[in-house]
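Structure first, commentary second.
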Amino acid sequence: MSGTGALLGIFLGAGVLLTLAGLLALRPPRLADRLMRPSMRMAPTSLGPLGSLIEISRPFIDALSRVLGRDSDRSVTLARQLRRAGRSADISRYRLEQVIWAAGGMLIGAAVIVVASARGQLPGPFLSLLILVLAGFVGVLLNGRKLASEVRRRGQRMSDQLPAAAELLAFAVSAGESPIAALDRVSTHMSGDLADDLSDVVRSVRSGTPMVAALRGLGDISPSGEVARFVDGIAIATERGTPMAEVLRAQAADARAAARRQLLESAGRKEILMLVPVVFFILPIVVVIALFPGIHGLNLTVP
């Protein structure tokens, strides 16, 4: 009975929170929300069920964050991590995701408690509270691991796209285009995470940001070390007046060499894994096929 009461209390609390969020959502939008770039706004149809729930509860969490205050250094680090993962630097949205993941973990913990109580093994109040807290903490940890995995996968994709982008930039600059025009051409004719970041650089430069500052900003938020070194090389060449075509050709050669080296390292790491099907599947079948005719032809009799 206590397990059922706990679930009813959770549902009641969720309903109260959603009601308060709906009341806060009726307020006029803030100036920062009205001035937000269109690319940072997400259409309601593209949010999905989880995103829709996040957007519904956003006003309540924003008000709570303003009351409790925020750590500026931690917020800057988190915003940079979100940018590295390819997300918008919306800390409130990520905090809401953490709350939802923690609530999901607590729901799983509550389900475990209900199942244990149905079997007549109801844990004590302290143990039940400990299970809920640990389940919520595990949910937050899983959300953090998910963000780190997104950063790692995006960095790998950008490293794979770098050689082609470097070659196209070198060809465009050698043909007489300016660096910003070459970046625009490459970002237009390519697709992927690197092309999206290059188009952000082009937009920043055209909106008044110096090219060197825009490139260094891309290097700071890039999850790929190769891409960071590439844009830093372009920025240094721009500052010192080095011929851009020569620099880009050298950068393209370095990118190709790095991609080749990474491919060899990946093949070396997977060499042992490639032996698994040979040793455990192919080799036993070959041995059986080789020995079966001889074993079948033997006629051992005891005199």
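The values are calculated or read from the model by the stated rules, or taken from the named source; none is laboratory data. Fair warning: this is a prediction, and the values are worked out from it, not measured in the lab. We place every Cβ from the backbone using ideal geometry, glycine too, and count neighbours over all the protein chains shown.
Tabulated data for the structure shown
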| quantity | calculated |
| --- | --- |
| When residues of segment 231-265 are limited to those that are of a type in the set (Val, Ile, Thr) and under 17 Å from Glu167 (Cα atoms), the one surrounded by the fewest Cβ atoms within 10 Å (Cβ to Cβ) | Val247 |
| Every pair of residues 6+ apart whose Cβ atoms lie under 9 Å, when the first sits in segment 74-103 and is among the β-branched types (Val, Ile, Thr) while the second is part of a loop (DSSP other than H, G, I, E, B) | Ile91/Arg70 |
| Residues that are hydroxyl-bearing (Ser, Thr, Tyr), surrounded by fewer than 17 Cβ atoms within 10 Å (Cβ to Cβ) and closer than 22 Å to Gln262 by Cα, drawn from segment 144-190 | Ser149 |
| Selection from segment 149-170 of residues that are of a type in the set (A, V, I, L, M) and touching a residue at least 24 places away in the same chain (Cβ under 8 Å) | Val151, Met158, Leu162, Ala164, Ala165, Ala166, Leu169, Ala170 |
| Failed condition for Gly136, given (1) in a helix (DSSP H, G or I); (2) not assigned by TED's automatic domain parsing to the domain that holds Thr77 | (2) |
| Condition check for Ala118: aliphatic (A, V, I, L, M) and modelled with pLDDT under 80 | yes |
| Residue match in segment 67-79 (condition: surrounded by 18 or more Cβ atoms within 10 Å (Cβ to Cβ), in the same structural domain as Gly13 (by TED's automatic domain parsing) and at pLDDT 65 or above) | no |
